[in-house]
Amino acid sequence: MIFILPIAAVLLGFLIAIIFKPAINNAVKLLLAFSGAFLLSITIFEFLPNLYASGSENIGIYIMAGLLLQILLEFLSRGAEHGHLHLDENTKTIPWLLLISLSVHCAFEGFPLSDNKDLLYGIVVHKIPIAIIISSFLLASNISKIQIALFLLAFSLMTPLGSYFATLGFWTESLKNSINALVVGVLLHVSTTILFESSKNHQFNATKFAVILLGIAIAYIL
């Protein structure tokens, strides 16, 4: 499941982008808000407490390093990880900086999934709206269909690749905990950015608030 579901999420996002196109704009924003709340809640309710319970040292330092890493990645991707993506419609080649940034992000987020199935659901829910947004921008550009397919294939495979590396036997428990703490920092930055920046002019939106509460409630139940 940790290998199949992330790929299926990207494929689903691509299909939604093709079938519904711009008509899904408001729905994607709500789905993005739900995914941010769900991912943040899973991280705080389960992932973070388990990490501190491991007794590993310097967890806080690695979490902050993850936050800084995500800031750097978003400088390269222009915020694609949390739904802010601006590409030149005249682009004719694969946006390599975007692909590299997303690949690093996805590889890290895939690392802890073999030991945390609830986090898997959070990552999958998060991937669907991101895949919709990325697919929509790529389809609106002048990039060839083959290049778009290769881009999305690479994007879909990086999370399972990160999960695969985590299953290799050479990781010590201390090193795995350090990488997991790095991932917590990445996820905290992405999920909070989604929640705090997705409202137009930062105005209160009752529908969005209800969706966020739903995401938190479902994460708590799980």
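The values are calculated or read from the model by the stated rules, or taken from the named source; none is laboratory data. Worth saying up front: this structure is predicted, and the values here are computed from it rather than measured. Cβ coordinates were reconstructed from backbone atoms using ideal geometry, including for glycine residues, and neighbour counts include every protein chain displayed. The accessibility values were calculated without ligands, DNA or RNA, using every heavy atom of the protein model including side chains. Shrake-Rupley method; radii C 1.70, N 1.55, O 1.52, S 1.80 Å.
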Can you find, within the stretch 151-178, the residue that is most open to solvent (accessible area, probe 1.4 Å) among those that are out of contact with any Leu (no Cβ under 9 Å at 6 or more places or on another chain) and of a type in the set (A, V, I, L, M, F, W, C)?
170
Taking the conditions exactly as written (out of contact with any strand residue (DSSP E or B) (no Cβ under 6 Å at 6 or more places or on another chain) and open to solvent by less than 40 Å² (accessible area, probe 1.4 Å)), does residue 141 satisfy them or not?
yes
What do you reckon, is residue 163 more than 26 Å from residue 18 (Cβ to Cβ) and touching a residue at least 40 places away in the same chain (Cβ under 8 Å)?
yes
Wholly enclosed helices (runs of 4 or more DSSP H) of the stretch 1-61 bearing at least 2 residues more than 19 Å from the chain's Cα centre (by Cα):
4-20, 48-53
Could you list, in sequence order, all residues of the stretch 9-39 that are open to solvent by 30 Å² or more (accessible area, probe 1.4 Å), touching a residue at least 24 places away in the same chain (Cβ under 8 Å) and among the hydrophobic types (A, V, I, L, M, F, W, C)?
11, 12, 14, 16, 18, 30, 31, 34
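Residue 135: more than 18 Å from the chain's Cα centre (by Cα) and open to solvent by less than 30 Å² (accessible area, probe 1.4 Å), yes or no? Let's see the steps before the verdict.
Values: more than 18 Å from the chain's Cα centre (by Cα): no; open to solvent by less than 30 Å² (accessible area, probe 1.4 Å): yes.
No.
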